[in-house]
Amino acid sequence: MTLALHLETQLYRAMKRCAKQQQVCLQYDSPDAVHEMRVSCRRILEPLRVFDEVLRRAPIQPVRDTLRAWMRLSGRVRDLDIAIHLASESGVAGLHPLLASMEEQRRKLAEKAHRTMAEPIPWPRKRDLRGWVRSSKSSNKEGLWDLDLAASSNGVLVLPMLLQRYRLRGNALLSTAAAREDFHRFRLRTKRLRYATEWFAVLLPKCEPVRLLDQLKGFQQCLGDLQDTEVALALLSRAHKGESTDDTSARAVSAFLNARADEAVARFHTQWVGFAATTEFPALDASRPH
């Protein structure tokens, strides 16, 4: 199977899952449904970003724009869900006015997201995807990926390099006194590598994708927990300015969240040590007809 056909197949499956999750979100307004909607969108957008150099923007750009709009709105809803949850979990007294204000914001944003998500989506048909990939092949430039080569051959050549570059960036991140914003950017790189690797998981020996993807998921969880505390700190600070929450309660919540952030960074450091010691990407079987 060429990389062109492999990408077409994987993308079609990811879009079908996303369309199904769209219906779940329209039926159930819950934090879990919102989170899964964002994950479904990301499983399309992040691999597409990885393959940007060989795939034409048109005619799939309207879908990408729509998914990004969904993610922006659902992201704002999820940020409030996280902030409300963490503030409640802190056990700090005197937060009722602040939480009530954030819950009202959440309600309004959820309604807006629901209206946006209910609009028709220009999902391409499978034959449209095939035509798009074929047109990309005709204008394919020399780069990392080659749409005419087997998907497994592409994986053998490119994925180890992507992983090695990721490892080097992670080592550089931890060798300096990195700001929390630096960890956020590395979290985005982690997502990109994880979802691109998932698209090639069928080419890996049975035990290897589980091991590698589990490592990437672990990093993403640590870095996601860190980002959640940053988002919660910002939202709670903004809400505190507009509500009659006393300064003592606000400081107590901030201390709780900063402690959570430090713990997430420490977990990431611990997990990274074993990963950084690994020198090779899991072997891909280029002889398999995928």
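The values are calculated or read from the model by the stated rules, or taken from the named source; none is laboratory data. Predicted, not measured: the structure shown is a model, and the values here were computed from it. FYI the Cβ positions are ideal-geometry reconstructions off the backbone, even for glycines, and counts take in every protein chain you see.
If GLU119 satisfies every condition in (1) assigned to a helix (DSSP H, G or I); (2) in the same structural domain as ILE82 (by TED's automatic domain parsing); (3) closer than 30 Å to ARG76 by Cα; (4) out of contact with any Ser or Thr (no Cβ under 8 Å at 6 or more places or on another chain) but one, which is the exception?
For GLU119, the failing item is (1).
Select from segment 21-60 the residues that are farther than 21 Å from LYS191 by Cβ, without any contact (Cβ under 8 Å) to a residue 60 or more places away in the chain and part of a helix (DSSP H, G or I) and list them in ascending order.
Scanning segment 21-60 gives GLN23, VAL24, GLN27.
Take SER136 and tell me if it is among the hydroxyl-bearing types (Ser, Thr, Tyr), in contact with a Lys or Arg (Cβ under 6 Å, 6 or more places away or on another chain) and part of a helix (DSSP H, G or I). Let's see the steps before the verdict.
Numbers: among the hydroxyl-bearing types (Ser, Thr, Tyr): yes; in contact with a Lys or Arg (Cβ under 6 Å, 6 or more places away or on another chain): yes; part of a helix (DSSP H, G or I): yes.
When the stated conditions are applied, SER136 passes them.
Hey, among ASP225, ASP214, which residue is exposed (fewer than 13 other Cβ atoms within 10 Å of the Cβ) and closer than 21 Å to GLU46 by Cβ?
Working: ASP225 fails: exposed (fewer than 13 other Cβ atoms within 10 Å of the Cβ).
Of the residues listed, the single one that is exposed (fewer than 13 other Cβ atoms within 10 Å of the Cβ) and closer than 21 Å to GLU46 by Cβ is ASP214.
Can you tell me which residue among ARG68, ARG38, ARG56 is basic (Lys, Arg) and within 30 Å of ALA250 (Cβ to Cβ)?
Values: ARG68 fails: within 30 Å of ALA250 (Cβ to Cβ); ARG56 fails: within 30 Å of ALA250 (Cβ to Cβ).
None of the other options fit; the residue is ARG38.
Picking from ARG187, ARG169, which residue would you name as being closer than 24 Å to GLY274 by Cα, touching a helix residue (DSSP H, G or I) at 6+ places or on another chain (Cβ under 7 Å), crowded, with 17+ Cβ neighbours inside 10 Å and at pLDDT 85 or above? Before the answer, list the steps.
Numbers: ARG169 fails: crowded, with 17+ Cβ neighbours inside 10 Å.
The unique qualifying residue is ARG187.
Could you tell me which numbered condition ILE82 fails, if it satisfies all but one of (1) touching a helix residue (DSSP H, G or I) at 6+ places or on another chain (Cβ under 8 Å); (2) buried (at least 18 other Cβ atoms within 10 Å of the Cβ); (3) under 18 Å from MET15 (Cα atoms)?
(3)
Which of the following residues is closer than 28 Å to PHE256 by Cβ, modelled with pLDDT of 85 or more and loosely packed, with under 14 Cβ neighbours inside 10 Å: GLU104, GLU111?
GLU104
Every residue in segment 222-268 that is at pLDDT below 90 and over 18 Å from SER101 (Cβ atoms), please.
Hits for segment 222-268 are THR248, ARG251.
Going by the structure shown, is LEU204 modelled with pLDDT of 75 or more and buried (at least 18 other Cβ atoms within 10 Å of the Cβ)?
Values: modelled with pLDDT of 75 or more: no; buried (at least 18 other Cβ atoms within 10 Å of the Cβ): yes.
Answer is no for this residue.
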